[in-house]
1. Condition first: acidic (D, E), more than 23 Å from B:F389 (Cβ to Cβ) and within 19 Å of the chain's Cα centre (by Cα). Now tell me which residues in region B:163-219 satisfy that.
2. Of everything in region A:332-342, what is part of a loop (DSSP other than H, G, I, E, B) and either more than 8 Å from chain B (Cβ to nearest Cβ) or touching a Lys or Arg at 6+ places or on another chain (Cβ under 8 Å) (or both)? Give them in sequence order.
3. Regarding region B:246-263, can at least one residue be identified that is part of a loop (DSSP other than H, G, I, E, B) and more than 12 Å from chain A (Cβ to nearest Cβ)?
4. Restrict the check to region B:60-82 and report whether at least one residue is surrounded by 22 or more Cβ atoms within 10 Å (Cβ to Cβ), closer than 24 Å to B:Y252 by Cβ, of a type in the set (D, E, K, R) and outside the structural domain of B:E379 (by TED's automatic domain parsing).
5. Quick check: is even one residue across region A:155-167 within 14 Å of chain B (Cβ to nearest Cβ) and among the charged types (D, E, K, R)?
6. Look at region B:287-331 and say how many of its residues are part of a strand (DSSP E or B) and crowded, with 22+ Cβ neighbours inside 10 Å.
7. Kindly list the number of the only condition in (1) of a type outside the set (G, A, S); (2) touching a residue at least 40 places away in the same chain (Cβ under 8 Å); (3) assigned to a helix (DSSP H, G or I); (4) facing chain B (nearest Cβ under 7 Å) that fails for A:T226.
8. Does A:Y10 qualify as being buried (at least 20 other Cβ atoms within 10 Å of the Cβ) and either touching a Cys at 6+ places or on another chain (Cβ under 7 Å) or more than 10 Å from chain B (Cβ to nearest Cβ) (or both)?
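The values are calculated or read from the model by the stated rules, or taken from the named source; none is laboratory data. Not measured: the values here are computed from a predicted model. Using ideal geometry, Cβ is built from the backbone for each residue, glycine included, and neighbour counts are taken over all protein chains shown.
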Number of protein chains: 2
Amino acid sequence: MASAFSTEEYLGRIRKTKQKMAEKGVDLLVISQPANMNYLTGYDGWSFYVHQCVLLHQEQEEPMWLGRGMDANGARITTFLTEENIREYSDDYVQSTIKPPMHFVADVIKEKGWDKGVIGVEMDQFYFTHRAYVELERSLSRAKFSDANALVNWVRVVKSEAEVEFCKRAGKIAEKVMDAARKAIAVGVRECDAAAAVAYAQYSGTDQYAGDYPAIVPLMMAGEATKTPHLTWTEKVYQQDEAVLLELGGAYRRYQAPIARTIYLGKKPPKLLNETASVVLEGLHKALDTIKTGVTAEDVEAAWRKGIAHSTVVKESRIGYSFGLNYPPDWGEQTISVRPGDKTVLEPNMMLHLIPGIWYDEVGFEVDASVRVTSGGYEHVYNYPLEFFLEE
Amino acid sequence: MASAFSTEEYLGRIRKTKQKMAEKGVDLLVISQPANMNYLTGYDGWSFYVHQCVLLHQEQEEPMWLGRGMDANGARITTFLTEENIREYSDDYVQSTIKPPMHFVADVIKEKGWDKGVIGVEMDQFYFTHRAYVELERSLSRAKFSDANALVNWVRVVKSEAEVEFCKRAGKIAEKVMDAARKAIAVGVRECDAAAAVAYAQYSGTDQYAGDYPAIVPLMMAGEATKTPHLTWTEKVYQQDEAVLLELGGAYRRYQAPIARTIYLGKKPPKLLNETASVVLEGLHKALDTIKTGVTAEDVEAAWRKGIAHSTVVKESRIGYSFGLNYPPDWGEQTISVRPGDKTVLEPNMMLHLIPGIWYDEVGFEVDASVRVTSGGYEHVYNYPLEFFLEE
């Protein structure tokens, strides 16, 4: 194994990040969000259940990785960092009530003389707890703390060509995943066995590209559960005349391609579901037609809203968000939300996941599009029919 | 779908939690850790990528679930809560920089008149961010905040009979998962295809018990990567005379059964690996022999340490921890750590995962045991040979 990208690619990301840091007056970034750590260094390990971080200081080209001793070799394998920038803490810091890992982090910051300026931390990111903040602040009395939440996320929002290629590979996998789901789901089959077929396709990938674990497990709501998103699967068998909502994904080296479709196990879906499907598909097309460089995220939502205004369908939640590199629990990037008030101007190589899901108390419908913004429009990350699938 | 356990079971857990709250002088608990939310209410959705919580107040029998609007039906399906205790916030709170979800939480707390006492929050749990804390504290000026980190985790540490049964079912799945891994891994096979076979077994489960997603994805380090834990898989094909570390798991309705073994693709492993394997297995047996009600966690580690003292093997990290119900990123419970200084006295129906992994710069070795503490000893959660597997 080695870093997923060239050192040049990482150095470019670091330059862009430092520019944003300068704009915000941040001297040192302390980054714990796993995708941000990966983005800046290549680090890729399932070690984010303990405290760890990447430090990025204006005056040092290379970031530093700080983590648990047993994960340092993982950093040596997956990052481009030189040995002096991989620092490991001893195991008695792990889940200790008396020895907080942030004391170790603070010691490194002091050793480097980085404790006198403005330190930006991710104040609203999972994986950086309240206690982590408190211990860091207490240990670095000369520093001024500033909220750098989503600072790196906003650098990530425009993808490099190399990243676009990885998303497309994830898209190829996503096509296989949805095919596998549709093939596996049938009346009499256990939901868990269909989920297994989905996972097989996700991890195996294509002949050319190894699959990776998506940032969200397969969400596969059937029957009664279609009135909600975000459930997984059960031991029940699929029933005749039952809807199944599929919110799946393909992933390639941590780059995501979300894919959602609804299938109905029968030829005659309930009227409400049929009508909802056709309105949602119409609205999704209207939203897609708007996407191009220069329009805002809220413009895209407005087009959807206008497109469904003739119907009774109401959608109170955002219809999409940006995506790319990520780890559980989310493939969304926590940057753009496609909703009223989001005035982000779209740029080439932003990636949007439009998923205008509708959940009534009786039934729901989900369909999506994962697209790359281009100068004149957009490009699908995968090719999959935008349809409501009626299966036997 | 419905709650995984009887309402009686949840009410018993709630009583035990309230007792601990009383001991610590906590009037209201604000719980965001997904396993703790599930433990107290049954809530099971992949919605923990947005802010959500369970409130538990001394003076109300039922907890309250607070979350995003679209997940409220998920709460209706998976919890035992009555309608008045399911509260949903509107979607403009989601990942908003101007409308923090904790303002909604604070409003509910004030509405219930629960803002005058001591509020316990999980200060060092992922899924409760620094900003969540700050916004809650700012909005509830009459409350006193107290650290209730791991309070519910420590209630979870002793399992009910119903929970033991779920762990055993997870164990049955774990056996199938390890079989699937050993069957799939062979010279010339891509690592990703073996991972796919593992995932299939995990989700599919047994004929009797549907699998669930384990809290940790398959960790499958091969070749060079065996010098570290916590990596996943690649597109490489397995090589002759290569070691593979397998840290896998079975899960049943969010209850976990971690299983780890090492295989070697050949008949003549390097001397260092062979010797390490035999020392580690010997030490693990010594540790297991110590386990029974009344001994401490550090006693178990001491037995391991004594058991390997004759060798050159050194293990600086903890050799185990408690496990049970969990969500990504960890199946560990963040309670017991089997290491020097942990004086937790073992009780019947505690679950320990002993995994004395060793990672040298050349190669590593992992083997484990997942056990339930009994009055006179312990019981394996699954039956799988404690061996270093040499495969063709």
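1. Restricting attention to region B:163-219, the residues satisfying the condition of being acidic (D, E) are B:163, B:165, B:175, B:179, B:191, B:193, B:207, B:212.
Pick out the ones that are also more than 23 Å from B:F389 (Cβ to Cβ) and you get B:163, B:165, B:207, B:212.
Scanning region B:163-219 gives B:E163, B:E165, B:D212.
2. At the first step, the residues of region A:332-342 found to be part of a loop (DSSP other than H, G, I, E, B) are A:338-342.
Result: A:V338, A:R339, A:P340, A:D342.
3. no
4. Checked region B:60-82: at least one residue is surrounded by 22 or more Cβ atoms within 10 Å (Cβ to Cβ), closer than 24 Å to B:Y252 by Cβ, of a type in the set (D, E, K, R) and outside the structural domain of B:E379 (by TED's automatic domain parsing).
5. No - not one qualifying residue is present in region A:155-167.
6. So the count comes out to 5.
7. (4)
8. On the way: buried (at least 20 other Cβ atoms within 10 Å of the Cβ): yes; either touching a Cys at 6+ places or on another chain (Cβ under 7 Å) or more than 10 Å from chain B (Cβ to nearest Cβ) (or both): yes.
Yes: the conditions hold for A:Y10.
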